[in-house]
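The values are calculated or read from the model by the stated rules, or taken from the named source; none is laboratory data. What you see is a predicted model, and the numbers here were worked out from it, not measured in a lab. All Cβ positions, even for glycine, are placed from backbone atoms using ideal geometry, and neighbour counts span all protein chains on display. With ligands, DNA and RNA removed, areas are computed over all heavy atoms of the protein, side chains included. Shrake-Rupley method; radii C 1.70, N 1.55, O 1.52, S 1.80 Å.
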Amino acid sequence: MGVKVVPARKSRPRTSAPGAHFSLAVSGLQSNWGAMWSGANRAAEEFYAGLLQEFDENKKGIRKDPFIYEADIQVQLISKGQPNPLKNILHENETIFIVEKVPLEKEEPSPIEELQSEDTAISDLSTGENVGLLALPIGRARQLIGFYTMAHNPNMTHLKINRPVTALPPLWVRCDGSDPEGISWLGAELISTSSNITGIVLYMVTCKVDKNFSVNLEDLKKSHKKRHHLSTLTASGFARYELFKSTALDDTVAASQTTITLDISWSPVDEILQTPPLSSTATLNIKVESGEPRGPLSQLHRELKFLLVLADGLRTGVTEWPEPLEAKSAVELVQEFLNELSKLNEFGDSTKKDTEIVKHDAAAVDGSIECLLTVRGDLDFAEQLWCKMSSSVISYQDLVKCFSLVIQSLQRGAIQPWLHSGSNSLLSKLIHQSYYGTMDTVSLSGTVPVQMLLEIGLDKLKKDYICFFIGQELASLNHLEYFISPSVDTQEQVHRVQKLHHILEIVVSCMLFIKPQHELLFSLTQSCIKYYEQNPLDEQHIFQLPVRPTAVKDLYQNEKPQKWRVEINSGQKKVKTVWQLSDSPPIDHLNFHRPDFSELTLSGSLEERISFTNMVTCSQVHFK
C-alpha cells in the first residue's frame, strides 16, 4: 500500500509541524528500505558468485574443500555418485549443493574429557548430535534460498551478474527443526528450458518420530491437488526390504558392512503401506565386505590376506607376518610333511597315500565352507605346502628353512611329488627337474623365498575359485580369463585374485541368505565379473541386480519394509508430494527422542516400536 507525501506550504516552513515530521519519517523509512535491498542484492550476488565458482571448478575436476560464505556457513557441491545426505528422502542421486554451518573446531580434550568421550561416543553417533551442530535456523535458511532464487530470476536485471545466468544445481539447506513445523531441509530447484530459466520449485522437508501415525492416501492426494491446482495425478510406491544385515560378533569385533536389500517400485498405489504387487519392478542391492569371521569363506579369506602380506612385502620390502594358526612351527610341519611323503615313496605307493593326505588337508582348509564349496580332493604337493606354510610361517627365516628342506629332499630323490599341469612357479620347475635327476641351483636369499611362496599361493587360490565357479556352473574358463591370467606381473595377479575373491563372497552370501534360483546367481556372477574387469576393487560398491518379484516374493510378502514411500505427482517430476515411513531416521542432523527400550515388550518388532515419518512438499514459482 503506497503512502502519499504531502509537502508543507511555503508560507509556513515550520519544521516542527506534524507534516514535516511525517515527511522526514517516510524519507528515513525509504532510506532504510533502500539500504536493506541494496544489502540483499549484494548478498545475492556474492552468494551466487561463490556457488558458480564451486560449480565451474567441479566441472574442471578441481577437488576442493567446501567454500565459506560470510564466515559461518559452508557450501559443498555433492556430485552424482557421492554420498548424499538426501538419499533417504528424495531417492535421487543427482548433483546438488549442500548448505550448512561451518563445524566448530574442537579443542584438544583433557585426559578426563577423553575418558568421558568414550562413554558418549556411541550415543552421539546414534542420535546425530555431532551433525546437528551443522543445521541452520529456519530464518537463515530461507534467506539463503531467497538469494539463490533472486540470482536466477531473469527479472532481477539490476543484479551485477553476467547474463544469461548459468543455471546451477539444486540448493539444499540443513535446518535445525526449531520452527513450529519442524522443518529439517529447505530446497530449491530450477525449472528451465533449453535456453531459459522459467521458474523455481521450493521444497520443504519435515520429519518426526511417529509411533502411531495416521495418514490417508486420499487426504495426501487432495492436499496435493489443492496446493498445485491440479485435476489429475498419479501415486507411485516404493518399498525397501532388508533381507540380510551383518551384526557385530561381540563388543570387540565390529559388524561387517554386508547388507542385502530388495527395492520394489510400482504404480498406482492403492493404500498406505500397500504390499507391492507382483507386477512391480524389483532390484536386489548387494554390498558385501569380505572376511566375515563367522562366514563359510573365513579360512579362504585368511589365505588371501596372507597372500596380500607376501605381495606387500615384495613391493615395500617390509613384511608384517600374521599370527600363526598352528601350535607347531612352520619348520616342524614341513619336515613332518616331507617325512610322510618320503615314507610313501619308499613303498612305491606315493599316489594313493598322497591323495589321502590331500583329502585330510583339504578338509582342514575348506571344511568350514560346508556344502557350498566342494571340498577339493586334488591338492597337489605345492598346494599342500602352501596350506602348511601359510598357517604357520612367522618370519623370513621360516621361509628360508622350509624351502631349504624341500629342495634338499628333491635333490636327494627322497620325494617325487606330483603337480597339476600349467604352473609356472619356480618350485614347480624345480620339481619337474627333479624327475630327471638334475636341478638348477637356487639361492634362497633376497626376495626369492617370498616370491616362491607367493607363486604357489596364487596357483592354489586361482584353482580354488575356478573349481567353485565352474563347479556351480556360474562361469566358464573364458569368463574367468581376466582374473586368472599369468600374463600380467605378480602384483597385478594378486590384485585380480582379490577381486575374484570378492565376487565369490558376494555369490556365497546370496546363496546363504536369499537362496536364489540358479538363473539369478548366474546373472549376478556375470554382472560382478563385468564390473571388476573394468573397475578396481571396491567393497563399498553396491551391486544391483534386476529381479522378477515372483522370484523373490517369499522374501518380502510377509515382511515389514525397512522403508515405505508414496510419491504423488501430476506428470511433472519436480512438483511432488512425498510421504515416507522408515525404521531409522531419514534425517542425519536432528536429534529424535527415542522411547525407553526397557518399556518395550520382547514380542514387539523394531518397526512396531519406532517409526519415523517424513513429508516432502513443494511450491512452484514461475518467473514472468
Note on segment 140-155: residues over 24 Å from ASN84 (Cα atoms) and open to solvent by 50 Å² or more (accessible area, probe 1.4 Å) are PRO154, ASN155
Take the conditions of a type in the set (A, V, I, L, M) and over 41 Å from the mean Cα position of the chain (by Cα) and apply them to MET439. Does it pass?
yes
Assess whether SER487 counts as being over 28 Å from SER391 (Cβ atoms), in contact with a strand residue (DSSP E or B) (Cβ under 9 Å, 6 or more places away or on another chain), open to solvent by 40 Å² or more (accessible area, probe 1.4 Å) and polar (S, T, N, Q).
no
Among the residues of segment 492-535, count how many are in contact with a Phe, Trp or Tyr (Cβ under 6 Å, 6 or more places away or on another chain) and open to solvent by 10 Å² or more (accessible area, probe 1.4 Å).
3
Does SER434 satisfy the condition of being open to solvent by less than 70 Å² (accessible area, probe 1.4 Å) and farther than 21 Å from LEU300 by Cα?
yes
Can you tell me which residues in segment 164-173 are open to solvent by 20 Å² or more (accessible area, probe 1.4 Å) and either over 19 Å from ALA43 (Cβ atoms) or touching a Cys at 6+ places or on another chain (Cβ under 9 Å) (or both)?
PRO164, ALA167
Counting only residues in segment 218-269 that are of a type in the set (Lys, Arg) and open to solvent by less than 70 Å² (accessible area, probe 1.4 Å), the one modelled with the lowest pLDDT is identified as LYS221
Within segment 571-586, count every residue that is modelled with pLDDT of 80 or more and within 28 Å of PRO268 (Cβ to Cβ).
11
Give segment 437-448 a look and list any residue that's under 24 Å from ARG315 (Cα atoms) and either surrounded by 23 or more Cβ atoms within 10 Å (Cβ to Cβ) or aliphatic (A, V, I, L, M) (or both), or say none.
VAL442, LEU444, VAL448
Given (1) in a helix (DSSP H, G or I); (2) under 45 Å from the mean Cα position of the chain (by Cα); (3) more than 30 Å from SER509 (Cα to Cα), where does SER421 come up short, assuming only one miss?
(1)
Find all pairs meeting these conditions: Cβ atoms under 9 angstrom apart; at least six residues apart or on different chains; first residue within segment 184-198 and within 18 Å of THR95 (Cα to Cα) and modelled with pLDDT under 90; second residue open to solvent by 30 Å² or more (accessible area, probe 1.4 Å) and part of a strand (DSSP E or B).
SER192/THR198
Kindly indicate the residue of segment 286-318 that is polar (S, T, N, Q) and surrounded by 17 or more Cβ atoms within 10 Å (Cβ to Cβ) and also farthest from LEU399 (Cα to Cα) among those meeting that condition.
SER290
Condition set modelled with pLDDT of 90 or more and of a type in the set (Gly, Ala, Ser), scope segment 424-445, selection nearest to VAL488 (Cα to Cα): answer is SER425
Given segment 494-589, what strands (runs of 3 or more DSSP E) lie entirely inside it while holding 1 or more residues that are of a type outside the set (Lys, Arg), more than 30 Å from LYS460 (Cα to Cα) and in contact with an Asp or Glu (Cβ under 6 Å, 6 or more places away or on another chain)?
576-582
Checked pairs for segment 450-476, first open to solvent by less than 40 Å² (accessible area, probe 1.4 Å), second of a type in the set (D, E, K, R), C-beta under 6 Å and 6 or more apart or across chains, list as LYS460/GLU383
Test: residue in segment 272-284 that is surrounded by fewer than 16 Cβ atoms within 10 Å (Cβ to Cβ) and in contact with a Ser or Thr (Cβ under 7 Å, 6 or more places away or on another chain):
yes
Say whether the condition of being more than 21 Å from GLN491 (Cα to Cα), more than 38 Å from the chain's Cα centre (by Cα) and modelled with pLDDT under 95 is met by at least one residue in segment 388-402.
no
